[in-house]
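Notes to accompany the following structure.
The values are calculated or read from the model by the stated rules, or taken from the named source; none is laboratory data. All of these numbers come straight from a predicted model, not from anything done at the bench. In this analysis, Cβ positions are derived from the backbone assuming ideal geometry, glycine residues included, and neighbour counts consider all displayed protein chains.
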Ligand SMILES: Nc1ncnc2c1ncn2[C@@H]1O[C@H](COP(=O)(O)OP(=O)(O)OP(=O)(O)O)[C@@H](O)[C@H]1O
């Protein structure tokens, strides 16, 4: 691991609603959960700061509604932040707050620098394209026009995620949930991104299929050295994958540290409950 974070997030805020005099200033807020009882504004992410280091897997764990998906959507530009800063350690983009760059540049970053695997494969795949066609789509978006080369890359990636090559022309809608996730992972890897986001990628899969997908993610991280942010409500998933972990509750980070340390000695009450529920 390197000293310099590849991705640096500072004071990310995402709110739904305009706020009122009871909640608009963070210091005046006294929220029981993540919303203001007077005006209903939801503070989905509150002052989130995190570092992702090269070659590590950072886990983000929290119950439903804690703000994990909102955080991920903001980082992948699927959703606008209310305020905050994100910096990518990249020659061309160094020093620029990526939340503030043009939509064209955001598209460029998604095509060349980021990969995303969604919980629901429908969001990451074109179900009526072939599996290899899905990979080609991402390669074309990243500027590739060489059909022979795209086929070679596609085959290699499908092999990497254990999709038999003889099924490469099949549409993912005919595949099982686990296979669809593996095609999504292959597609997300196709532009060789330095950063990969994975949002609840094993939720809803059978336990044995879940284990296969988690194994695959771990292998890919080792082989490709990609830095990953993995979001899950399931601490067992985070335990298996993450080097470091952030625990979110009501839109805030309540605890962070090395995953082993958090599992052995959780300091926040909510984290303690999460850890005990594993036993
Ligand atoms: N478009 C929206 N409008 C209003 N509130 C929203 C919107 N999207 C999310 N929220 C609220 O923001 C909070 C955080 O939601 P988010 O989906 O980020 O949580 P999560 O931890 O990912 O939970 P889950 O795993 O159930 O999706 C929740 O209270 C949610 O109701």
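Scanning the stretch 36-49 for residues being surrounded by fewer than 21 Cβ atoms within 10 Å (Cβ to Cβ), within 15 Å of the ligand (Cβ to nearest atom) and closer than 12 Å to residue 252 by Cα gives a total of 1. If you go through the stretch 21-35 and keep only what is within 16 Å of the ligand (Cβ to nearest atom) and surrounded by 14 or more Cβ atoms within 10 Å (Cβ to Cβ), you end up with 23, 29, 31, 34, 35.
If you check residue 83 against the conditions, is it at pLDDT 95 or above and over 14 Å from the mean Cα position of the chain (by Cα)?
On the way: at pLDDT 95 or above: yes; over 14 Å from the mean Cα position of the chain (by Cα): yes.
Judged against the criteria, residue 83 is a match.
Residues in the stretch 189-209 that are part of a loop (DSSP other than H, G, I, E, B) and surrounded by fewer than 18 Cβ atoms within 10 Å (Cβ to Cβ) were compared, and the one that is modelled with the lowest pLDDT is 204.
Take the residues of the stretch 92-117 that are in a loop (DSSP other than H, G, I, E, B) and at pLDDT 95 or above: which is surrounded by the fewest Cβ atoms within 10 Å (Cβ to Cβ)?
Filtering the stretch 92-117 down to residues in a loop (DSSP other than H, G, I, E, B) leaves 92-97, 101-102, 113.
Within this subset, residues satisfying the condition of being at pLDDT 95 or above are 96-97, 101-102, 113.
Numbers: 96: 16, 97: 13, 101: 14, 102: 8, 113: 20.
Applying the filter and picking the extreme gives 102.
Only strands (runs of 3 or more DSSP E) wholly contained in the stretch 218-279 count here; list those with 3 or more residues that are within 28 Å of residue 90 (Cα to Cα) and under 16 Å from the mean Cα position of the chain (by Cα).
Working: elements: 227-232, 244-249, 252-258.
The strands (runs of 3 or more DSSP E) meeting that bar are 227-232, 244-249.
Would you mention how many residues in the stretch 63-91 are in a loop (DSSP other than H, G, I, E, B) and either in contact with a helix residue (DSSP H, G or I) (Cβ under 9 Å, 6 or more places away or on another chain) or within 13 Å of the ligand (Cβ to nearest atom) (or both)? Explain how you work it out, then say what you get.
Residues of the stretch 63-91 that are in a loop (DSSP other than H, G, I, E, B), as a first pass: 63-67, 76-82, 89-91.
Remaining after also requiring either in contact with a helix residue (DSSP H, G or I) (Cβ under 9 Å, 6 or more places away or on another chain) or within 13 Å of the ligand (Cβ to nearest atom) (or both): 63-67, 76-82, 90.
The qualifying residues number 13.
When residue 239 is tested against (1) away from the ligand (no atom under 16 Å from the Cβ); (2) in contact with a strand residue (DSSP E or B) (Cβ under 8 Å, 6 or more places away or on another chain), just one condition goes unmet, and that condition is (2). The listed residues are 183, 161, and the only one of them that is surrounded by 16 or more Cβ atoms within 10 Å (Cβ to Cβ), touching a residue at least 24 places away in the same chain (Cβ under 8 Å), over 25 Å from residue 78 (Cα atoms) and under 20 Å from the mean Cα position of the chain (by Cα) turns out to be 161. Summed over the stretch 183-216, the residues that are more than 15 Å from residue 156 (Cβ to Cβ), more than 16 Å from the ligand (Cβ to nearest atom) and in contact with a strand residue (DSSP E or B) (Cβ under 7 Å, 6 or more places away or on another chain) give a count of 5. When residue 55 is tested against (1) within 15 Å of the ligand (Cβ to nearest atom); (2) assigned to a loop (DSSP other than H, G, I, E, B); (3) within 20 Å of residue 116 (Cβ to Cβ), just one condition goes unmet, and that condition is (1). Is it the case that some residue within the stretch 157-166 is closer than 30 Å to residue 66 by Cβ and away from the ligand (no atom under 16 Å from the Cβ)? Yes - at least one qualifying residue is present in the stretch 157-166.
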